[in-house]
Amino acid sequence: KNNMLFWRSIMFMFLTCISIRTQFCCSSNPSSLRTLAINGHLTFDEVHDAAKDFGNRLQMLPLAVLHPKSVSDIATTIKHIWQLGSDSEITVAARGHGHSLQGQAQAHRGIVINMEALRSPEMHFYTGMAPYVDVSGGELWINVLHESLKYGLAPKSWTDYLHLTIGGTLSNAGISGQAFHHGPQISNVYQLEVVTGKGEVLNCSEKQNSDLFYSVLGGLGQFGIITRARISLEAAPQKVKWIRVLYSDFTTFARDQERLIASDNAFDYIEGFVTINRTGLLNNWRSSFDPQDPVQASQFRSDGKTLFCLELVKYFNTDETKKVNEDVTNQLSQLGYIKSTLFLTEVSYVEFLDRVHVSEIKLRSKGLWEVPHPWLNLLIPKSKIQAFAVEVFGDILTETSNGPILIYPVNKSKWDDRTSAVIPEEDIFYLVAFLSSAVPSSTGTDSLEHILNQNRRILEFCETANLGVKQYLPHYTTQEEWRAHFGPRWEVFVQRKSTYDPLAILAPGQRIFQKAI
Ligand code: FAD
């Protein structure tokens, strides 16, 4: 009899727990969200697009998608989830343009915020000394470019591709060929408006709520949702001189790149890429580069060798053409490239900045854009780049047909070490980006499996050779790996999380913190 009583009381306790839990869960189920007082709307059925991204490898269905009309829609939603406390499993991911690689903007059974729906504030320009634009965190950089040009202005620091949102790139860093001079995009922001993981709306800058400001920049979406940013601008040039020269020797290539980034006025953009065992050298999908002298360009034969292409750009206005030509000729005369490989073209500033979009249109028309993208982006200290190049370009990779491999150095002095971005220790470090596309049904060297295996070998080499490499757009699955990624900065990162998003509601797709339930 005692036994029966014991089991009955256990059963009672169990059912009570379930009932309490159900009550709480009920308050976090769609019906409680449906009653939220917001100007925009939540959708519960059309959520499939929010489970996709550019990486095309991971899909997590959310519970709902919020299409905010105002900042308060975002704050109200997050505050509601914050108030449910740790009894609700709901998380929130801001989704910019969904160009993450491994689900970073997704939220399994959570709420995805469609940031592009946030049209306020309208872009506002200040055109005096130190000009800037105030812009919604969900705005695309391409739109910022077009609007800024109406005032003869433009942002200083870019990404290679502009169909990405302000909030999405500022959550990482935003690196391109201008970063050696201006720093990444996170070094070119004056002010942010942020909704924290508690649903508070806060303005922040170097002077106001500065800890929040630097936390959010490069913060992988962990501390708040960027709803507005004040981006620094400069006078926009009309045109650019776009130059490519080739090297067969990596040491000479790297020496020239490093010499060029030491000067702020030799060129305005400096990048480079590697080709291994390739013909059709100029058919690089990432650029619409169209050499002025196609005969000369097509006559160049690489014979399947490994080549390093230095890519340079000089901005200019048409009334400065003569002077710019002289300057460029002078700069080029000091470089050690293969002299018969000077490819030069002139395009408008917009054509240059929006170059990858031209390739996107071509690839989309052939169904080659929405394929898996097992990209690997690494930041490598200058002192280790030789060792890296010898092993990776000389041994691990036998050809580069799966997509471009970018390689260029940047100056650490242009990065602010108060931000959350993680970079190597040395004064100069290289971005090396393996931008592979996989062919879905293939079992060959263009298959996802083959490319992932190559990526793994590259990472293993970096680890065993102790190169001090950091991943850019990092992806890890365990907290131990994240701890190693942040190194001595991990404690600060955790402290910031507990201040601004203590329940770990935000950006669950990064898999750094798990919401406690
Ligand atoms: P999403 O993928 O939507 O989001 C990225 C992360 O930021 C997620 O964790 C998300 O939750 C969070 N997030 C999004 N919006 C906000 C917000 N408003 N507030 C807070 N958190 C937010 N990067 C470079 O640095 N340089 C390049 O040259 C470059 N070129 C690229 C070219 C292509 C073709 C692609 C696909 C990507 C490229 N990237 C480059 C990477 C790109 O910067 C990142 O993937 C970026 O996150 C994409 O922006 P998004 O708007 O699509 O963000």
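Would you check if there is a residue in segment 288-304 being under 26 Å from THR321 (Cβ atoms) and either charged (D, E, K, R) or at pLDDT 95 or above (or both)?
The answer is yes; a qualifying residue exists.
Condition (residue is under 19 Å from THR419 (Cβ atoms), free of Cβ contacts under 8 Å to residues at least 60 places away in the same chain and near the ligand (Cβ under 6 Å from one of its atoms)) applied to segment 154-165: is it met by at least one residue?
Checked segment 154-165: at least one residue is under 19 Å from THR419 (Cβ atoms), free of Cβ contacts under 8 Å to residues at least 60 places away in the same chain and near the ligand (Cβ under 6 Å from one of its atoms).
Can you name every residue in segment 123-142 that is free of Cβ contacts under 8 Å to residues at least 12 places away in the same chain and not small (Gly, Ala, Ser)?
Correct list: HIS124, TYR126, MET129.
From the list LEU145, LEU118, which residue is of a type outside the set (Val, Ile, Thr), within 13 Å of the ligand (Cβ to nearest atom) and crowded, with 18+ Cβ neighbours inside 10 Å?
The unique qualifying residue is LEU118.
Name the single residue, out of those in segment 462-484 being within 16 Å of ASP395 (Cα to Cα) and surrounded by 13 or more Cβ atoms within 10 Å (Cβ to Cβ), that is farthest from the ligand (Cβ to nearest atom).
The selected residue is ALA465.
Which one of LEU459, LEU431 is closer than 28 Å to ALA507 by Cα, touching a residue at least 24 places away in the same chain (Cβ under 8 Å) and away from the ligand (no atom under 15 Å from the Cβ)?
LEU459
Can you tell me which residues in segment 307-324 are surrounded by fewer than 18 Cβ atoms within 10 Å (Cβ to Cβ) and touching a residue at least 40 places away in the same chain (Cβ under 8 Å)?
Of everything in segment 307-324, those that are surrounded by fewer than 18 Cβ atoms within 10 Å (Cβ to Cβ) and touching a residue at least 40 places away in the same chain (Cβ under 8 Å) turn out to be ASN317, THR318.
Return only the number of the condition from (1) within 16 Å of the ligand (Cβ to nearest atom); (2) modelled with pLDDT under 95 that VAL92 does not satisfy.
Condition (2) is where VAL92 drops out.
Identify the single condition in (1) assigned to a loop (DSSP other than H, G, I, E, B); (2) surrounded by 19 or more Cβ atoms within 10 Å (Cβ to Cβ) that LEU406 does not satisfy, given that it satisfies every other one.
(1)
So in segment 121-142, with the set limited to residues that are of a type in the set (D, E, K, R) and modelled with pLDDT of 95 or more, which one is farthest from the ligand (Cβ to nearest atom)?
Checked segment 121-142; the qualifying residue farthest from the ligand (Cβ to nearest atom) is ASP134.
Out of all the residues in segment 99-109, is one or more more than 12 Å from the ligand (Cβ to nearest atom) and either in a strand (DSSP E or B) or not acidic (Asp, Glu) (or both)?
For segment 99-109, residues more than 12 Å from the ligand (Cβ to nearest atom) and either in a strand (DSSP E or B) or not acidic (Asp, Glu) (or both): present.
Give the residue, chosen from SER359, SER413, that is at negative phi, touching an Asp or Glu at 6+ places or on another chain (Cβ under 8 Å) and either away from the ligand (no atom under 16 Å from the Cβ) or touching a residue at least 40 places away in the same chain (Cβ under 8 Å) (or both).
One residue alone meets the criteria, SER413.
If THR159 meets every condition in (1) more than 23 Å from GLN104 (Cα to Cα); (2) touching a Gly at 6+ places or on another chain (Cβ under 7 Å) apart from one, which number is that one?
(1)
Can you name the residue in segment 173-190 that is among the polar types (S, T, N, Q) and away from the ligand (no atom under 12 Å from the Cβ) and is also surrounded by the most Cβ atoms within 10 Å (Cβ to Cβ) among such residues?
ASN188
Inspect all residues belonging to segment 313-330 and state whether any of them is more than 24 Å from LEU353 (Cα to Cα) and modelled with pLDDT of 95 or more.
Yes, segment 313-330 contains a residue that is more than 24 Å from LEU353 (Cα to Cα) and modelled with pLDDT of 95 or more.
When both residues are 6+ apart or on different chains and their Cβ atoms are under 7 Å apart, which pairs have a first residue that lies in segment 381-394 and is closer than 19 Å to THR306 by Cβ and in contact (Cβ under 8 Å) with a residue 60 or more places away in the chain, and a second that is buried (at least 17 other Cβ atoms within 10 Å of the Cβ) and among the β-branched types (Val, Ile, Thr)?
Sorted first by the residue in segment 381-394, then by its partner, the pairs are PHE388/ILE380; VAL392/ILE458; PHE393/VAL274; PHE393/ILE276; PHE393/THR306.
Among the residues that make up segment 466-485, is at least one of them in a helix (DSSP H, G or I) and touching a strand residue (DSSP E or B) at 6+ places or on another chain (Cβ under 9 Å)?
Yes, the conditions are met somewhere in segment 466-485.
Scanning for something charged (D, E, K, R) and within 16 Å of the ligand (Cβ to nearest atom), does segment 308-325 turn up at least one residue?
Yes, the conditions are met somewhere in segment 308-325.
Go through the residues of segment 362-372 one by one and say whether even a single one is touching a strand residue (DSSP E or B) at 6+ places or on another chain (Cβ under 8 Å) and surrounded by 19 or more Cβ atoms within 10 Å (Cβ to Cβ).
For segment 362-372, residues touching a strand residue (DSSP E or B) at 6+ places or on another chain (Cβ under 8 Å) and surrounded by 19 or more Cβ atoms within 10 Å (Cβ to Cβ): absent.
Matching residues to (1) closer than 19 Å to ALA179 by Cβ; (2) modelled with pLDDT under 95; (3) surrounded by fewer than 17 Cβ atoms within 10 Å (Cβ to Cβ):
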site: VAL194; (1), (2), (3): no, no, no
site: CYS204; (1), (2), (3): no, no, no
site: GLY218; (1), (2), (3): yes, no, no
site: GLN222; (1), (2), (3): no, no, no
site: ALA236; (1), (2), (3): yes, no, no
site: ILE243; (1), (2), (3): yes, no, no
site: ASP249; (1), (2), (3): no, no, yes
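State all residues of segment 421-441 that are surrounded by 14 or more Cβ atoms within 10 Å (Cβ to Cβ), among the small types (Gly, Ala, Ser) and over 27 Å from GLU258 (Cβ atoms); if no residue qualifies, say none.
If the condition is that a residue be surrounded by 14 or more Cβ atoms within 10 Å (Cβ to Cβ), among the small types (Gly, Ala, Ser) and over 27 Å from GLU258 (Cβ atoms), then SER437, ALA438 are the ones that fit.
The values are calculated or read from the model by the stated rules, or taken from the named source; none is laboratory data. Because the structure is predicted, anything quoted here is derived from the model rather than measured. Every residue, glycine as well, gets a Cβ built from its backbone with ideal geometry; the counts of neighbours run over all protein chains shown.
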